[in-house]
Amino acid sequence: MALSWFLLSFLFHSMYAHNDFFTSIGQMTDLLYTEKDLVKSLKEYIRQEENRLEQVKEWADKLDSLTNTATQDPEGFLGHPVNAFKLMKRLNSEWANLESLVLKDTTNGFISNLTVQRQFFPTDEDQTGAAKALLRLQDTYQLSANTISNGDLPGVTSGVVHKSRMTVADCYELGKIAYSEGDYYHTELWMAQALTQLDEGEESTIDKVTVLDYLSYAIYKQGELERALELTKRMLKLDPDHHRANGNLKYFEFQLEKQRKTQAENKEVEDKKREKKVLDKRDTERKRSKDPLPERKKYEMLCRGEGIKLTPRRQSRLFCRYYDNNHNPLLLLAPVKQEDEWDRPRIVRFHDIISDSEIETVKEMAKPRLRRATISNPITGVLETAPYRISKSAWLSGYEHSTIEKINQRIEDITGLEMDTAEELQVANYGVGGQYEPHFDFGRKDEPDAFKELGTGNRIATWLFYMSDVSAGGATVFPDVGAAVWPKKGTAVFWYNLFASGEGDYSTRHAACPVLVGNKWVSNKWIHERGQEFRRPCAVSEME
């Protein structure tokens, strides 16, 4: 009996011990369901992989078509600021997303190639710069966010190949960059545009709640509590549990009520003030009419072709002529075409003054050397970059190439001024939003050391070649006198920065307007005082 109990005990112990290593039938049936779930997960993985590859394929096909079109006319394509912005955005953000999408396949040569190439891609700073350029164009040329988003810019026809629309994500990105800069005005414009496109049914990974969150706060920061409150309520309808929106709702309601009480208390005081304002209105308007426009406003108006101060009478005194610089032997048989652009200061344009082949030579020489353009610090005299000059430039010497030597000689023959003391030919390229805000070319009295290192005196005159046409924007404007000169390929403009007495001509303060559509290439020659003593008579000459 004891043995039987021992055997039974052993068998039961063995069974339980066996269960430590093998699963029971009941447990095994559970595993069947687990395995079925794993198969389902595997199929979901396969579906996601196929979807991932389909996304990669769609991306590749889209970029293949886009790059084929773009590389047929790179400068024309990038001349559209939206295309330039989207290129920066793609290379800085979207290619990184694609890399993450396919990074699992580490054996793929594409990944290693992409990883290597990424070191040459635009940075966050570049993408931000492209975004700021679009915002600058928006302000200067008074363009709505919708106009820019649709790509319907001045100078772009409806059937243009390079026209490009902005997506919700693009608009959101612009608004977000403006927000990070504390620029709530542009944050509102671009978040509102993103919301409009979402309301119109555009599909996007950016949802309305995210956009409304930025939009309502930007509007609040601009002091519009009622609108901020309404947008917050709309956000809560879409996401009732949104923590920040619920907090903002209470805060906005409290602030609005406080504002209304303050306005009610001040109403009586305002009513008394209003009567006095009406009496003073005429005097105030008279004073305002005499106040000059801020330079920035004048500059932007001229860039848009507005506010040009050339009366019909003055216009009638401007002429075109064949010019040989007082019978210069080299110009007698082939005088140049000269056109008066402005009378005071005198600005003249020379037509057909540089050939297409010369332009291409200059550009090809300059391209490898292009660097961010600098300005001379008026205090230290040191060259440095500045936010008001956004272009890339390079310097070319006459001894490097016969074409540059010929160009220098041509400028000397036409102007009659010595080129040995002039600065090298500077080549500048203004891309998307490229500009140079109002400045003087010459050194003022409070800048005695401006060109001390050169040892050639002050800049007596400026010669400026236009080496490309610009579809829209890019004018050279003189805010103090209301003059605007528009780029025309193959021409050059010339003006004196100093009077014959050597005093600076402050009316020559000028600016390069932002390029709205197109790609602006110019080259300029800054001519200095030294060596001109016997070349520029003290009396007023034809070129002055």
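Read-outs: derived from the displayed coordinates by stated rules, not from any lab. No experiment lies behind these values; they were computed from the predicted model shown. Virtual Cβ from ideal backbone geometry, glycine too; neighbours counted across all protein chains shown.
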Cα→Cβ-extended label distance, 7 Å offset, between E224 and K57, nm: 4.6
Distant-in-sequence amide H partners of I347 (H built 1.01 Å from N, under 5 Å): E341, W342
For the range 387-470: relative contact order, % (alpha-carbon pairs under 8 angstrom, 6 or more apart): 33
Angstrom value of the Kirkwood radius, inverse mean 1/r, which spans all Cα pairs in the range 143-252: 14.6
For the range 31-77 and the range 201-262, distance of Cα centres in Å: 36
Chain lengthening between E94 and H351 when straightened (0.36 nm per residue, less Cα-Cα): 88.0 nm
Separation in nanometres of the label points that stand 7 Å from Cα toward Cβ, at T205 and E405: 5.7
Pairwise label distance in nanometres, S501 with S180, each label 7 Å out on the Cα-Cβ vector: 5.3
Q259-S397 FRET efficiency (beta carbon distance; Förster radius 60 Å; 0.05 resolution): 0.40
Listed residues Q435, G473, Y506: farthest to the positive end of the dipole of the range 425-536 (Cβ charges): G473
Tensor-based shape of the range 396-505 (alpha-carbon gyration tensor, a/c under 1.5 rounded, otherwise prolate or oblate): oblate
Violating pairs (Cα-Cα greater than 29 angstrom) within the set K298/K488; K89/K392; K298/K363; K89/K309; K298/K445: K298/K363; K89/K309
Added length on full extension, which subtracts the Cα-Cα distance from 0.36 nm per residue, D449 to L293: 53.0 nm
Theoretical gain in end-to-end length, R530 to L66 [0.36 nm per residue, Cα-Cα removed]: 161.8 nm
